[in-house]
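Chemist: Dumping the structure here so I can ask a few things about it.
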Amino acid sequence: MPKKPETVYMLRLADNALILGQRLSEMCGHGPEMELDMAMTNMSLDLIGQAKLLFEHILTWEDLAPNADVLAMTRPLEQYSNCLLVAQPNVDFAHIMLRQYLFSSMQKFQYEALLRSSDKTLAAIAEKSLKEIAYHIRFAKSWVLRLGDGTDESRARMSDALESLWRFTGEMFANDAGLSDAVAAGLSTNFALIYGDWKLEVKSVLSEAGGLTPPPDTRMIMGGHQGQHDENLGHILSDMQFMQLSYPGLNW
Amino acid sequence: MVNNIRVLDLLAEIMDPEIPVINIVELGIVRGIEDGPPPRVIITPTYVGCPATDMISEMIREKLDGAGYDDVAIKNRLSPAWTTDWITKEAHEKLRLYGIDPPGTHTPSCPRCGSTNTKLISEFGSTPCKALHACKDCLEPFDRFKCH
C-alpha cells in the first residue's frame, strides 16, 4: 500500500487509466462497426500507455512492487483506487460513449492541474496525455450528441446511460484526503474546484443532445478512491489478473 | 566523446516500424545526443501507448551495439511532448508518396489523385497516429497523419 501522498494520488490516476483501458479493450472485435471498434481500441491503447508511464513513475517514488507489471496486475481488489465510473460495464454503445465523455472531460481538468506540478516527470506525462485526451473527448462527445439527438431508441439508450452513470460523477471531483494531501505536497493544483465548471460544460452538451438532463445530484456514490468497489471491478480483475496470478512474471 | 554525426547517420538508418518509408530522425523521435558520461541518445515517444515505441528503443539499441556504441545509453524524454511539427518536410513528401496525407493545416488531400473533395471516416485509424479519410473523387480510402 502506498504511504506517500504523491504515490497515493498517482496510483489513483494510474488505476483510472488502467481500468478504463481494460474495459474498453473488452470491445476489441465487438464494435458496432470496424471504425468504431478501432476507435475504442485506440483509446484503450492510449489509456494503458498512460497507466504504464504512471506505474513506472510511481515506483521511482516508492518501492511498492518489483516492477510496473506486478504493481498494475497483482494487487488485491481493495488496493485499487480507481473511481467507480471507469469500472462500470459496457452495457451498450450509449453507456460506453457517455462513460468515456464523462471521464475524459474530467480527466482533462485533472491533468491540466498537473502541468505545474512540483514533480516534473508527472507534469510531462500529463502534457503528453492531454493531447490524446482531446481526441477522446471529441470522439465521445460527438456520439453523445448523435445518439441523444438521434432516433427514439438511441435517445432512450443515452437517457438510460445518463440515469445510470451520473451518480458516479461526484466521486471524480471529491475533495478528499488523497487530493488535498497531493495539493499540499505541490503535486497538483486543487482541481476539485473546477467541479462546477465541469458540470456546466457537461450539462450544456447533454442539453444539446436531444435535451437530456442529468438526474439530481442528491446521492453520489463514492468509495473507489478508498478501495471500496462494487462487483464490477471484481469481474474486471478476475479477467485481467488471471494470467499474472496463475503464471507470475509471464511475458508475451 | 561520441561522434554525434556518425551516430545520427546510424539512427537515420532505422525506419519507423509502422511507416517503413520514413526514418526515426525525420519523424522527430530522436531529439539529440548528450555527451555524458555516459553519452546518451535522447528520444521522445510519439504516442504514449504506441506499441512501436518499445520496438524503436530496441531497434536503436541493436543498431548502436552493432556499430560498437554499446556504451551509449538511450534516454526517454517526455517533455516537450512530441508534435507532428517535428516531422521534416522531406518526410512529408515521402508520406504522400506512400499513400498517407501528411500532417498540417492544409485541407485533407487525397494522396493518390490530389483531390481535396474528401470526407473523414474515422478520427481513429489503423495506428494511433493516423485518421481514416476517403476521397470522393477517386473513391479510394486513405490515411491522414493526425496533427498532434
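Chemist: Tell me, rounded to the nearest percent, the portion of alpha carbon pairs in the protein assembly as shown spaced more than 37 Å apart.
Modeler: Value for the protein assembly as shown: 26 percent of Cα pairs lie more than 37 Å apart.
Chemist: Sticking with this one: Quote the FRET efficiency, to the nearest 0.05, computed for B:Glu62 versus B:Arg6 with a Förster distance R0 of 25 Å and r equal to the Cβ-Cβ distance. Walk me through the numbers on the way to the answer.
Modeler: Numbers: r = 17 Å, r/R0 = 0.66.
Given R0 = 25 Å and the Cβ-Cβ separation, E is 0.90.
Chemist: Shifting gears a bit: Hey, which of these cross-link pairs are over 24 Å Cα-Cα: A:Lys52/B:Lys75; B:Lys75/B:Lys130; A:Lys52/A:Lys203; A:Lys141/B:Lys89; A:Lys141/B:Lys130; A:Lys3/A:Lys120? Present the calculation step by step, with values, prior to reporting the outcome.
Modeler: On the way: A:Lys52/B:Lys75 17 Å; B:Lys75/B:Lys130 26 Å; A:Lys52/A:Lys203 32 Å; A:Lys141/B:Lys89 34 Å; A:Lys141/B:Lys130 20 Å; A:Lys3/A:Lys120 20 Å.
With Cα atoms farther than 24 Å apart: B:Lys75/B:Lys130; A:Lys52/A:Lys203; A:Lys141/B:Lys89.
Chemist: Can you give me the Cα centroid spacing of the stretch B:109-127 and the stretch A:85-108 in angstrom?
Modeler: Centre-to-centre distance over Cα atoms comes out at 28 Å.
Chemist: Now for a different question. Give the cysteines in chain B for which no other Cys Cβ lies under 4.7 Å away, or write none if there are none.
Modeler: B:Cys50, B:Cys129, B:Cys147
Chemist: Tell me whether the stretch A:66-126 comes out rounded, prolate or oblate; compute the Cα gyration tensor, take square roots of the eigenvalues as a ≥ b ≥ c, and use a/c under 1.5 as the rounded threshold.
Modeler: oblate
Chemist: Over what distance in Å are the Cα centres of the stretch A:211-250 and the stretch B:30-104 separated?
Modeler: 36 Å
Chemist: Helix A:120-148 against the longest principal axis of chain A: what's the angle in degrees, Cα atoms only, rounded to the nearest 10?
Modeler: Helix A:120-148 and the main axis of chain A meet at about 20 degrees.
Chemist: If each of A:Ser207 and A:Arg219 carries a label point 7 Å out from its Cα toward its Cβ, how far apart are those two points in nm?
Modeler: About 2.8 nm, to one decimal.
Chemist: Answer rounded, prolate or oblate for the stretch A:173-249, using the Cα gyration tensor with square roots of eigenvalues a ≥ b ≥ c: rounded when a/c is under 1.5, else prolate when a/b is larger than b/c, else oblate.
Modeler: It comes out oblate by the Cα gyration axes.
Chemist: Further question on the same structure: How about the stretch A:1-50: which GluC sites (Glu not before Pro) there are in a DSSP loop, with at most 14 other Cβ atoms within 10 Å of their Cβ?
Modeler: When the GluC sites (Glu not before Pro) of the stretch A:1-50 are filtered for loop state and at most 14 Cβ neighbours within 10 Å, A:Glu33 remain.
Chemist: Shifting gears a bit: Could you identify which residue out of B:Thr83, B:Thr105, B:Thr44 has the top mean-square fluctuation in a GNM of chain B using Cα springs shorter than 10 Å?
Modeler: Of B:Thr83, B:Thr105, B:Thr44, the Gaussian network model singles out B:Thr105 as fluctuating most.
Chemist: Please give the calculated 222 nm ellipticity per residue for the protein assembly as shown, where each DSSP H segment of at least 4 residues contributes -39500 (n - 2.57) and the sum is spread over every residue; nearest 500 deg cm²/dmol?
Modeler: Using -39500 (n - 2.57) per qualifying helix, the result is -15500 deg cm²/dmol.
Chemist: With a cut-off of at most 14 other beta carbons within 10 Å, and DSSP calling the residue loop, which trypsin sites (Lys or Arg not before Pro) in the stretch A:158-220 qualify? Please list them. Show your work: numbers first, answer last.
Modeler: On the way: sites: A:Arg167, A:Lys199, A:Lys203, A:Arg219; in loops: A:Arg219.
Hits after loop and neighbour filter: A:Arg219.
Coordinate-derived values only; no laboratory data. Everything numeric here is computed off the predicted structure, so don't read it as measured data. Positions of Cβ are generated from backbone atoms using ideal geometry, with glycine treated the same way; all protein chains shown enter the neighbour counts.
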